[in-house]
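**Student:** Below is the structure I would like to discuss, written out as structure tokens.
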Amino acid sequence: MKFKAMTAVAALLVAAPMLGMADEEAELVVNGEIKMVTKTDAPAHLEGALPEIMSGWRFRSDETQQTQMDDFDNPGMIFVDQAQAAWDTAEGSEGKSCASCHNDVESMEGVRAVYPKWNEEAGEVRTLAMQINDCRENQMGAEPYKYTGNEMTAMEALISVQSRGMPVNVAIDGPAQSTWEQGKEMYYTRYGQLELSCANCHEDNYGNMIRADHLSQGQINGFPVYRLKNTKLNSSHARFKGCIRDTRAETFSPGSPEFVALELYVASRGNGLSVEAPSVRN
Amino acid sequence: MAEGVTPRVKVPKKAEAGEVITIKTLISHPMESGQRKDGDGNVIPRSIINRFTAEFNGESVIDVKMEPAMSTNPYFEFDATVPEAGDFKFTWYDDDGSVYEEVKSIAIG
């Protein structure tokens, strides 16, 4: 495997442990109690594409990794606190809060692990963000959150925290299958002036350097993710947009059907990894 | 008046007598310095946490005076020796007169 080979070579060249080089055997345990699966066998649909799947956590430096191992050090948890306040705050014409229907946020346990998910009533695959805004508009009579805005990512993080440590397990068959196929098609399509597909970087070259950074497998089990570069939570659609922009292409919009399909497909590539959100990355 | 101020504290639930433990505290607060101006050029008034204290069974463990250069969400991590079972009491003093308190008990054994 390329990533292994890379680190082995690096270890030979530099006798002392490489600063900023991820420890491959490190295990992610949050708060000393939540054990995360950060490396496991690839799901069946990835046969021939990837031997095993790895969380982006494994590609980060020791310091960044440690920041995620304690909720006190994880700056993303501040936004979770903010969302907890929002969860209990009534908004909109109906005078309801999230808690009015869903009670304690603990009732959201397991939700993050299975999203994006087919919504029978709406007849479409829905992301967690779409579901949050559906609640806000139709149940609370409130203004929807901006799709990649701070309030939305914080609320997604709060809901994700309830599922931390649970394996991602999005359904790719049944009614969701055509959306999944669309996402897969996109994943392997070359976009932009640089003519790069998602797979060119995240499947063919993970573990290699892209400028000063390690390419990860592009797993989204840790989203929304706290990024050190912009000190806030980032949604997967904002990341997709950033990646496609970097190929010098016109991007799709966050929340667009194309990105929903891509999110479903990319999420399914991480089936088996733990829900880590809010994770910490650079 | 700062909004959404939530203190968080992490203290081990128990320790050996005389053991040195690590305490972590964080309070989410905008810590507005008073140096910034809004879009219309008006000075945004200063609003910070200006003092933080920790006491163990009434005895002072740490007493910190804070100035406007402190960043958002002040985080303190420090060690304390635990001679006996008791309560850690943490207090944050806001410019606006608000006082935020948090108490954590620790057992011996």
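Laboratory data are not the source of any read-out in this text; all were calculated from the coordinates shown. No experiment lies behind these values; they were computed from the predicted model shown. Ideal geometry is used to build each Cβ from the backbone, glycine not excepted, and the neighbour counts take in all protein chains shown.
**Student:** Identify, among B:I49, B:V5, B:V64, the residue whose Cα sits farthest towards the positive end of the charge dipole of chain B, taking +1 on the Cβ of Lys and Arg and -1 on the Cβ of Asp and Glu, with the dipole about the Cα centre.
**Tutor:** Of B:I49, B:V5, B:V64, it is B:V5.
**Student:** A further question on this structure: List the aspartates and glutamates whose alpha-carbon lies under 15 Å from that of A:K96, not counting same-chain residues fewer than 8 positions away?
**Tutor:** A:D88, A:D104, A:D134, A:E137, A:E143
**Student:** Suppose we take every Cα in the stretch B:1-41 and form the convex hull; what volume per residue is that in Å³?
**Tutor:** For the stretch B:1-41, the hull spanned by Cα atoms encloses 110 Å³ per residue.
**Student:** Under the rule a/c < 1.5 gives rounded, and otherwise a/b versus b/c splits prolate from oblate, where does the stretch A:228-282 land using the Cα gyration tensor?
**Tutor:** oblate
**Student:** Sort A:220-230, A:237-247 for me by packing, meaning the mean count of neighbouring Cβ atoms within 10 Å per residue, highest on top.
**Tutor:** Taking the mean over residues of other Cβ atoms within 10 Å, the ranking is A:220-230, A:237-247.
**Student:** Given 37 °C and 0.692 mPa s, how large is the Stokes-Einstein diffusion coefficient of the protein assembly as shown in µm²/s, with Rh as the Kirkwood radius over Cα pairs?
**Tutor:** Calculated translational D: 142 µm²/s.
**Student:** For the pairs A:K39/A:K184; A:K35/A:K232; B:K10/B:K65; A:K229/B:K65; B:K14/B:K89, flag any whose C-alpha to C-alpha distance is greater than 26 Å.
**Tutor:** Flagged as over cut-off: A:K229/B:K65.
**Student:** With +1 assigned to the C-beta of every Lys and Arg and -1 to the C-beta of every Asp and Glu, and no other charges, what is the dipole magnitude of the protein assembly as shown about the Cα centre in debye, to the nearest 20?
**Tutor:** About 1040 debye.
**Student:** Name the residue from A:G272, A:G56, A:M36 whose Cα lies farthest towards the positive end of the charge dipole of the protein assembly as shown, charges +1 on Cβ of Lys and Arg and -1 on Cβ of Asp and Glu.
**Tutor:** Projecting each Cα onto the dipole axis, the largest value belongs to A:G56.
**Student:** Write out the GluC sites (Glu not before Pro) in the stretch A:150-258 meeting two conditions: DSSP loop, and at most 15 other Cβ atoms within 10 Å of their Cβ.
**Tutor:** Sparse-neighbourhood loop GluC sites (Glu not before Pro): A:E195, A:E250.
**Student:** Still on this structure, please answer the following. Hey, got the average number of other protein chain Cβ atoms within 10 angstrom for residues in B:66-75?
**Tutor:** For peptide B:66-75, the averaged partner shielding equals 1.
**Student:** How many times 2.2 N^0.38 Å is the alpha carbon radius of gyration of the stretch A:29-171?
**Tutor:** Ratio of Rg to 2.2 N^0.38 Å for the stretch A:29-171: 1.17.
**Student:** Evaluate the stretch B:1-104: find the radius of gyration of its Cα atoms, find its Kirkwood radius, and give the ratio Rg to Rh.
**Tutor:** The Rg/Rh ratio comes out at 1.07.
**Student:** Could I get the Rg over Rh figure for the stretch A:131-271? Both from C-alpha atoms, Rh via Kirkwood, rounded to two places.
**Tutor:** Radius of gyration relative to Kirkwood radius: 0.96.
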